[in-house]
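A quick write-up on the structure given underneath.
The values are calculated or read from the model by the stated rules, or taken from the named source; none is laboratory data. This structure is a prediction, so every number in the text was calculated from the model and none was measured. No Cβ is skipped: glycine too gets one built from the backbone with ideal geometry, and neighbour counts run over all protein chains shown.
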Amino acid sequence: MNSELGVRNSEFPNPAILPVMGSMSEIRSPGLLLAGIIVLLCLGCGKEGAPMPPLIRVAERTTDLAAFQEGHEAVLRWSYPSLTTSGQNLTDIEEIQVWRAVLPLGQEPPPPISAQDRQMQRQLLQTQGEILRSIDPEDIPESTRGSDIVIRDDLDLWRQSVEDPSSWVLWYGVRTVCCRHRESELSNVARLAPQAPPEPPVDLALSADSGGIELTWTPSSESKTLVERSPDGAKWTALTSEGVEGGSWKDEKAPQGQAWSYRLRSVVTAPGGGRVVGQPSSPARVDHPDTYPPDAPSNVVCLPEGAQVRIRWRSVASAAVYIVSRKVGDGPVKILAEDHRSIEFTDDEPPLGEIVYQIAARDAAGNLGGTSSCVVVMGAVP
């Protein structure tokens, strides 16, 4: 027996592993012996998965590029590039490329329908076009308007390079470069067929009242009108994103207490889509003084609460303060508060009898509005 055991032990590289293998009968089983050896050899081995490819950062493709003509310029607008293709924040823009292709109007492909058509359109822009402008990171803030980037292309310079501008169409696209010179896919194609801008509206007249500033004009033939406003005649803000039909419009949001300048532009739809905005009209200016009283407070209620009276009302939009007063019977009016800033007031010492509480609003310019009231009876009426 000992000699047999000695032979068996000699088959193992280390006799110290025998307790792991169990009883002598298990050792004599070749299948169990082989399985035990495999288990021992695998102890301490880690499991390795397939290697993951490195994450490559590329800017997400722009999909909302739009182009329209304003005067003798092409205006391009698109969302500020802020994400990578994997959804990460894009913080390392190196360049924004603006592409332009000039195509013969008669040889232009039909409008794209499928995703494949749009891909072919982008490829055509890239093969036929060139980089019109490269925007460096330090120049991006100058071209940013809110959450968009806006740039302009001088069409007069382009017209000088072709014999018949009316026989050509312009395609635009943009591309973002980031992350160690990696280029995004080219954006959607924005199409523009330049044409002569429409004449501006004429006979602009302004009148102000408590509801705002009324504008009237004579529109240009077969066009709509865009309205712009300025406090000083230098910096203009567009008030109507869509064109106004007809010859009148009211600016109900013009702040009071100052003068405002207005000017108008005609806008038409270009053949094949897009819009063409004309040059601005001569400006007109009007004073909009704050001489209009605020509305009277509404929903005024009197709430007796023991020996007190609580008065509540609905706020007035232009009110700076409220005047609270009371009158008992045929007696005189007593002012309880002249600069009350809340829409609730508590009379801690109301007299006995029938009390009329009155509330009026005063705006920041000192205009006093109408009065609203409520009635309450305290104690016994004499």
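Here are the numbers for this structure:
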| quantity | calculated |
| --- | --- |
| Qualifying residue in segment 164-187 (condition: assigned to a loop (DSSP other than H, G, I, E, B), aromatic (Phe, Trp, Tyr) and either within 20 Å of GLN69 (Cα to Cα) or in the same structural domain as THR127 (by TED's automatic domain parsing) (or both)) | no |
| Selected residue (only one of SER373, SER318 is surrounded by 17 or more Cβ atoms within 10 Å (Cβ to Cβ), modelled with pLDDT under 95 and within 30 Å of PRO255 (Cα to Cα)) | SER318 |
| Qualifying position, being assigned to a strand (DSSP E or B) and closer than 30 Å to GLY129 by Cα, among ARG263, ARG229, ARG191 | ARG191 |
| Any hit, segment 136-149, residues being in contact with a helix residue (DSSP H, G or I) (Cβ under 6 Å, 6 or more places away or on another chain) and either at pLDDT 95 or above or among the hydroxyl-bearing types (Ser, Thr, Tyr) (or both) | yes |
| First in segment 46-73 and surrounded by 15 or more Cβ atoms within 10 Å (Cβ to Cβ), second anywhere and modelled with pLDDT of 95 or more and of a type in the set (Phe, Trp, Tyr), Cβ under 6 Å, 6 or more apart | THR62/TRP78; LEU65/TRP78; ALA67/TYR172 |
| Spans of strands (runs of 3 or more DSSP E) in segment 271-347 with at least 1 residues under 30 Å from ALA259 (Cβ atoms) | 275-277, 284-288, 321-328, 333-340 |
| Residues being under 46 Å from the mean Cα position of the chain (by Cα) and touching a residue at least 60 places away in the same chain (Cβ under 8 Å) - total across segment 305-361 | 4 |
| Which listed residue, of SER230, SER282, SER221, is touching a Ser or Thr at 6+ places or on another chain (Cβ under 6 Å), surrounded by fewer than 17 Cβ atoms within 10 Å (Cβ to Cβ) and not assigned by TED's automatic domain parsing to the domain that holds VAL75 | SER230 |
| Flag for THR144 being free of Cβ contacts under 8 Å to residues at least 12 places away in the same chain and β-branched (Val, Ile, Thr) | no |
| Residues within segment 110-123 that are part of a loop (DSSP other than H, G, I, E, B) and either in contact with a Phe, Trp or Tyr (Cβ under 8 Å, 6 or more places away or on another chain) or surrounded by 11 or more Cβ atoms within 10 Å (Cβ to Cβ) (or both), tallied | 2 |
| Lone qualifier among ASP348, ASP339 - being acidic (Asp, Glu), over 30 Å from LYS253 (Cα atoms) and not assigned by TED's automatic domain parsing to the domain that holds GLY212 | ASP348 |
| Where GLN126 falls short, out of the listed (1) assigned to a helix (DSSP H, G or I); (2) within 25 Å of the chain's Cα centre (by Cα); (3) surrounded by 12 or more Cβ atoms within 10 Å (Cβ to Cβ) | (2) |
| Those residues of segment 86-107 which are surrounded by fewer than 16 Cβ atoms within 10 Å (Cβ to Cβ) and touching a residue at least 40 places away in the same chain (Cβ under 8 Å), in sequence order | ASP92, GLU94, VAL102, PRO104, LEU105, GLY106 |
| Extreme residue, surrounded by the fewest Cβ atoms within 10 Å (Cβ to Cβ), among residues of segment 135-159 that are of a type in the set (A, V, I, L, M) and closer than 22 Å to ASP92 by Cβ | ILE140 |
